[in-house]
Each structure stands twice: as C-alpha cells, then as structure tokens.
Amino acid sequence: MSTASTAVDICAPLAVLGREVEVPLASGEKVNYAALDYAASSPALQRVWDDVAAYAPYYGSVHRGAGYLSQLSTDLFEQSRRTVEEFLDLREGDQVVFTRATTDSLNLLAGVLPAGTRVFAFETEHHASLLPWRRDGLTVSYLRAPRSHEEAVARFEEALAEAGAGPKLLCVTGASNVTGELWPVAELTEVAHRHGARVVLDAAQLAPHHRVSVRELGVDWVAFSGHKLYAPFGAGVLAGRSDWLDAAEPYLAGGGASRTVAREADGSVAVEWQLGPARHEAGSPNVIGAYAVASACRALTEAGFEALVAREQQLIGLLREGLAAVPQVKVLSLFGADAARVGVLSFVVEGWNSSHFSAALSAEYGIGVRDGLFCAHPLVRTLLGGEEAAPSECGAPEPSLPGERSLNAIRVSFGAGTPVEHVERFVGAVRELVEDGAKWSYRNEGGRCVAVV
C-alpha cells in the first residue's frame, strides 16, 4: 500500500448513510457500493439523519401556530438560520434566506437585481450560475475561460473597465464542479468592489469541502445546496446583503411574504410585504430541510475543516497518483496539474466511450461515478477541445485514436464520508478496464449504457 493510502487510513471518514449498502454486479455477485458521485449529491451524514429523526415527531407549522409543536418548530427553524449565519461567518446586517438549492438561490437573486444590472459570469460556470441572468432588464457578459488565476482576475477587471456606470454583479464559483479547481474568489471580489460591482459566490462545491467565510472573502452573497452538504432534504441557502433583497418584489407571492393584505375601495388588493428573509420565503417552509442543513453545518464545523481538508487532500493525492500511472487517462484542468482543488476530478480515457466506461465501473466493480457534460457544457467542451457533444453508441469504444478527443467526460468525486478503499478500488478498476477491457457487453437502454446479462 502506498504512503498516501496508509496516511489516509489513520483518519476515519465521517459516518454517512449507505456506507454498508451492497449492490449487484453483472456477474450476480454483490459488493459494497463505492459512492463516488458526491459532486451531484452527497450521502446524508448519519448525524444529520439522527437529528432529523429525533425532531420529526415534533414537526409542526412555523411562525403562526399557537400550539407547542408550532412554537418548537418555529424556534428550531430560526435557530437553524442562526447556525447557517455562524457557519458562513456572515457580517452584521447580512441575512439567510432558505431556498430549494443553489439553482433556486441564484434565480431568486437574479429576480431582485435592479433594472439595468450588468452581470458577469465566466463561461466555465455551472448552468445554475450561467443561465439565471438571461432575463429582461439585465445584461449578461460571458467571459472566456481563463487558464490561470491571474488571467481570470485580469479578464474580469478589463470587462469591468469597459462596463460603464450602473449596478454590476459577478457570479463566480468557489470550486469547479468539473475540475474541482479552486477559483480566486477573494481577488475577484477585491477587483469587483474597487469598480463598484458586487459578487455572488456559488459555493455548491466549495462549502462541503472548505470553510467559507463571507467576512474574509468579502463576497456580497453566497449560495449553496444542502444536498451537496450531506443534508439531502431539498433545502438550499442564499445569504448576504439585504438591501437589494428588501427593495425587490418577493420571489414568490403568498402567505408569509406579506405583512398585511387589504381590500381597497376600488376592489383591488393592497399588499405590504415583509422585510428580511420572510419576504422571499412565501408558503410553508421546508423546516426539516433547513434543520438538516443546520445539522450538517454543525457536524462539519465540529469535525474541523482543517482535518477534513487534510484527509481529502490525501485522497486526491492517492487518486491522481493512480490515474497518472495509466497513460491512456487524461485529467481535465483549467489551471494546470498543480492547481489547488477539492475532491472533484474529470477525465477521459483514450479509445473509450465515456458512458461505456462509466457503465463498466458500475456493472463490474460497483462504483458509481458520472459521465457527460455535468451541467457545465461550455466548460467541458472547452476542456475537450471545443466539439459539440453528440449521442454515442454504447457497447463499443469510441472510434478514437491517440491524439483524438472525446465528446464527453467521466467525473469522480468524493468527500468527508469516502473511505480510502473506495478510491483504491476505483483506481484499480480504471487500470483493469484500460488494460483488459470490459468483461461484459453493453447496450443503449433509454439513453444509458447497461450491461447485457
């Protein structure tokens, strides 16, 4: 066993649901499932599940109920908000709005931007950060993919200098959902503020892996999803400055967002909207989702991000060392091999259809990864050489030769609940598939490759 692997074994992964689940292979055998698709949805922490189970019998309506369970649920819901505030190290006056996910958070923010706002986003963003700004009253500038932190900062500053007056916003990821690479958020924010612009940080891939301090980074807002933070109950967060949120029409019109509603003499309805988070949380909130997010925030804080980061870096080292020993594997990167990253890595395999390769990992080794363009089509196409993705035949390698480029990629991702054995099994499986080929035949079924058994 390598030195990296031995070092990782010293630090145990956090307990997550599904760790003991066994799945069937094409051969009929069963193996422990290796969940290596954390970037899409992470498993629930056992701590989160236990906290939710303990609260569930006491669940009640919030904010307007007079009964004991309603009051208890209201206290728990608002305490969850305070827990998230502490987790993000918010500034005085900042607020936390509970949403459904990062996508919901950024669409909410897009809806409250002042008319005439110019939004900047690098083409390397996830679609959740790339697409919400395409609406009436806003102008979007998509910046070309940079190849270094310095280029990213310079390209953004140049764009700002040409933007002119008026409100401006940069939406930027903290860590890429394709390459796992960290972005220069603090440096971009400093440039933005110097030019009178604001910044929203997409922390969907950053928050589960690194401490996120709004105060230290200086960003104006941060968005993340509970389902990537070990809290899979359909809740997300938009946190930060309150001025644009309080000045805009509510994201959703309905109960809870309204302070008073009255009939006017002419038969119309007059509404006075709430200020603060309630303004954009109309309807009955996802109390269990918010509580799960708060539970995950507490669990990660108590585990200590320094230790979690150190362990994850050991896993990344083990993964990259193993893939580097397979010449047919090409790891995708914007910023180069030495760039700092979280536990997300995408690659292509020479001579292989990515869907076929991923299906073989599942059917023959019990390993779950993801293949495709990862809801970041412009970025993946840039990394793969610019081709348009096309449907590919399942059951045979792509007709590619050395030097040719794949149309899709494979993504492996992991986190605080990943045992070292899963990474070792993945590396071994990649090596065996490249050297020996798949043991089973595969066919296209509903757009996915499946083993013929």
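Of note:
- When you filter the GluC sites (Glu not before Pro) in segment 144-229 for DSSP loop state and at most 15 other Cβ atoms inside 10 Å of their Cβ, you are left with 162.
- Added length on full extension, which subtracts the Cα-Cα distance from 0.36 nm per residue, residue 71 to residue 331: 88.4 nm
- Using alpha carbons only, the radius of gyration of segment 1-123 set against its Kirkwood radius gives Rg/Rh = 1.09.
- For peptides 20-27, 118-125, 237-244, sequence by mean Cβ density within 10 Å, most packed first: 118-125, 237-244, 20-27
- For residue 143, the residues whose amide H sits under 5 Å from its own are 121, 122, 123, ignoring neighbours fewer than 5 places away on the same chain, with H placed 1.01 Å from N.
- Calculated Rg/Rh (Cα atoms, Kirkwood Rh) (choose from (1) 0.97; (2) 0.99; (3) 0.95), label: (2)
- Sites residue 431 and residue 123, calculated FRET efficiency, Cβ-Cβ separation with R0 41 Å, nearest 0.05: 0.75
- The loop-placed GluC sites (Glu not before Pro) in segment 230-289, going by DSSP, that have at most 10 neighbouring Cβ atoms within 10 Å of their Cβ come out as 264.
- Segment 140-154 and segment 217-266 have Cα centres spaced 30 Å apart.
- Inter-site label distance for residue 259 and residue 310 at 7 Å from Cα along Cβ, in nm: 5.1 nm
- In loop segments of segment 64-114 as defined by DSSP, the GluC sites (Glu not before Pro) with at most 11 further C-beta atoms inside 10 Å of their C-beta are 92.
- Efficiency of FRET between residue 22 and residue 453 - r from beta-carbon atoms, R0 25 angstrom, step 0.05: 0.90
- Virtual spin-label span in nm between residue 284 and residue 247, 7 Å along Cα→Cβ: 3.6 nm
- Label-point separation, residue 272 to residue 195 (7 Å along Cα→Cβ), nm: 4.2 nm
Read the figures in this text as sums done on the coordinates, not as results from a lab. None of these values were measured; they are calculated from a predicted model. For neighbour counting, all protein chains shown are included, and Cβ atoms are generated from backbone atoms with ideal geometry for every residue, glycine included.
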